[in-house]
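Colleague: Handing you a structure now.
No lab work stands behind these numbers, since they all come straight from the coordinates. Bear in mind that the values here come from a model prediction, so they are computed numbers and not experimental data. Cβ placement follows ideal geometry from the backbone for every residue including glycine, while neighbour counts extend to all protein chains displayed.
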């Protein structure tokens, strides 16, 4: 079984729900994870000192990084030997399930005929996940729950809108929010189905209702759900983080199961027929203003067929006092990306470049970008935070480059002069004269060549040669090199010894006796 690394936002959601008092089984169901995985993260949090009653403020990024690293060090779990036994008996088990035998009977037959004893819990999990056992269920009427606890959301196509003036035809979709207890509704119109549009609709809904519901039941929108699963869909990182910021929990329905959100399912044809059909809206903004009035004056004041109450009045009395506080500031929708650091130490976010140290080259980091900041996560830990740059800009920290490369990469002529001055006073003056020209960037190559002469001949000979060249007003590194070559031929200077490599050891060095040739007497006699 392949190991899936849990995202840092998902780890925060597990611990957040745990601090809110939810049981591990409920958290695992809502996150679409195994209960053992949830338990590992909770136990790791307790080991690093997190206390359940501390509140969500205790879950800072440092704590999350410690929890992720601790769980990662333990490695993923795998199915046990009894699960592999079920895999070996798959054909026989599948035939018994198709015959309609009970799992207790299958357990007995398996032990009697094959001599295999499989625990009932393992057999049940295998039959449900691999053989489709027990998936057919009758429909039952689910209780509404606590007031203000749940809102059900559905996307439905309203129709076509012709823009006044341009004549452009646009398809209009309605994001419908229905309060479960009172059936009070809000409709948000949009022409797209991106995660930004869904979040904009949620923000407008919280303002309309005057607060935030604790649970949002939503179908498997591609903008919100990354992977649909009957036992727990995987919510996208962007929407998961939005839910954390507003304090609600996402409960995704199963695929093609409208009975998972029955309170809002029948609202789509009602909204389309009562509000949108037959209207002549000139723009999406005009239609949205009309939708809000319709929710307040028509849908909100009608006598609901099930509750026999006016939804707006019932909501104001029973549900609004129990909602979470409405957001005070607009939400800045972030973008989450998985990017690999390039060989040039940079990664591209929103057409802007950001640098990371050499050790991250080739590594994949998680990027969170909003309007103000860009954060880089590596294995659950924040490694860098930048201010958001405009498209085309580059945010580079010279310290990220290898030693000796930052001066060249940043075209820092002043730093190059200081480096030359360390070899000698006249060497530094000569480098300054080289960089005084109209093309200092091109002249930097000559300064690097001058430093190469220092490494080849040593600082003192190059210092004398530069002093002589400056006296003659000869600013040419090639001529300085010729002066040193002629001095070497005359024996006036010697080549500098190569610098010793720190920590280097002769890996294959042997004593001289190993290379001594020993001639045998017999061979010497034959030669004589």
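Colleague: Based on the alpha-carbon set only, what is the convex hull volume of region 411-489 divided per residue, in Å³? Let's see the in-between values first.
Modeller: Working: hull volume 5.9 nm³, N = 79.
Measuring per residue, one finds 75 Å³ for the Cα hull of region 411-489.
Colleague: Can you give the extra length, in nm with one decimal, that the chain gains between residue 433 and residue 379 once fully stretched, where that is 0.36 nm per residue apart less the Cα-Cα distance? Before the final figure, lay out the partial values.
Modeller: Values: separation 54, 0.36 × 54 = 19.44 nm, distance 4.91 nm.
Answer, rounded to one decimal: 14.5 nm.
Colleague: To test your reading of the geometry: what angle, between 0 and 90 degrees and rounded to tens, separates the Cα axis of helix 120-131 from the longest principal axis of the chain?
Modeller: With both axes taken from Cα atoms, the answer is about 80 degrees.
Colleague: Can you sort 466, 231, 429 from fewest to most other Cβ atoms within 10 Å of each residue's own Cβ?
Modeller: On the way: 466 28, 231 12, 429 16.
So the ranking, lowest neighbour count to highest, is 231, 429, 466.
Colleague: When the scattering of region 220-294 is computed by the Debye formula from its Cα atoms alone, each counted once and equally, what is log10 I(q)/I(0) at q = 0.16, 0.22 Å⁻¹?
Modeller: Debye intensities relative to I(0), on a log10 scale: -0.82, -0.99.
Colleague: Now for a different question. Using the number of other C-beta atoms within 10 angstrom as an exposure proxy, rank 361, 176, 106 with the fewest first. Don't jump to the answer; show the numbers that get you there.
Modeller: On the way: 361 15, 176 26, 106 22.
Final ranking by Cβ density, sparse to dense: 361, 106, 176.
Colleague: Separate question: Between residue 296 and residue 313, what is the label-to-label distance in nm when each label sits 7 Å out along the Cα-to-Cβ direction?
Modeller: Modelled inter-label distance: 1.8 nm.
Colleague: Could I get the Rg over Rh figure for region 81-131? Both from C-alpha atoms, Rh via Kirkwood, rounded to two places. Don't skip to the answer; put the middle values down first.
Modeller: Values: Rg = 9.4 Å, Rh = 10.6 Å.
Computed over Cα atoms, the ratio is 0.89.
Colleague: While we're on this one: Under the classification rounded if a/c is under 1.5, otherwise prolate if a/b is larger than b/c and oblate if not, where does region 189-335 fall, given a ≥ b ≥ c as square roots of the Cα gyration tensor eigenvalues?
Modeller: Working: a/c = 1.35, a/b = 1.33, b/c = 1.02.
Rounded shape, in that the Cα axes give a/c under 1.5.
Colleague: So if each residue of separation counts as 0.36 nm, and I subtract the Cα-Cα distance between residue 361 and residue 169, what length gain in nm does that give?
Modeller: Working: separation 192, 0.36 × 192 = 69.12 nm, distance 4.80 nm.
So the chain would gain 64.3 nm between residue 361 and residue 169.
Colleague: In Å³ and rounded to a whole number, note down the convex hull volume per residue for the Cα atoms of region 8-74. Spell out each step's value before the answer.
Modeller: On the way: hull volume 4.8 nm³, N = 67.
Per residue, the Cα convex hull of region 8-74 comes to 72 Å³.
Colleague: Based solely on its DSSP helices, what 222 nm [θ] is calculated for the chain when runs of n ≥ 4 H residues each add -39,500 (n - 2.57) and the sum is averaged over all residues, nearest 500 deg cm²/dmol?
Modeller: Numbers: 21 runs with 212 residues, N = 528.
Helix-only estimate at 222 nm: -12000 deg cm²/dmol.
Colleague: In degrees, nearest 10, range 0 to 90: what is the angle between the Cα axis of helix 477-489 and the longest Cα principal axis of the chain?
Modeller: 40
Colleague: Which whole-number percent is the relative contact order of the chain (Cα, under 8 Å, 6+ apart)? Don't skip to the end; give the middle numbers.
Modeller: Details: 703 pairs, mean separation 53.9, N = 528.
Result for the chain is 10 percent.
Colleague: Given C-alpha coordinates of the chain, what is the ratio Rg to Rh with the Kirkwood estimate of Rh? Don't jump to the answer; show the numbers that get you there.
Modeller: On the way: Rg = 36.2 Å, Rh = 30.4 Å.
Radius of gyration over Kirkwood radius for the chain works out to 1.19.
Colleague: Now a separate question. By how many degrees, between 0 and 90 and to the nearest 10, does the Cα long axis of helix 425-434 differ from the longest principal axis of the chain?
Modeller: Its long axis makes an angle of about 60 degrees.
Colleague: Let me ask something else about it. Fewest Cβ neighbours within 10 Å first, please rank 109, 161 accordingly. Spell out each step's value before the answer.
Modeller: On the way: 109 14, 161 22.
Final ranking by Cβ density, sparse to dense: 109, 161.
Colleague: Give me the Å³ per residue figure for the convex hull around the C-alpha atoms of region 147-219. Could you put the intermediate results ahead of the total?
Modeller: Details: hull volume 7.0 nm³, N = 73.
With only Cα atoms used, region 147-219 gives 95 Å³ per residue.
Colleague: Compute the normalised compactness of region 254-406: alpha-carbon radius of gyration over 2.2 N^0.38 Å, N being the residue count.
Modeller: Numbers: Rg = 25.4 Å, N = 153, 2.2 N^0.38 = 14.9 Å.
The value comes to 1.71.
Colleague: Rg and Dmax of region 335-400 over Cα atoms: what are they, in angstrom?
Modeller: Computed over the Cα atoms of region 335-400, radius of gyration and Dmax are 10.6, 28 Å.
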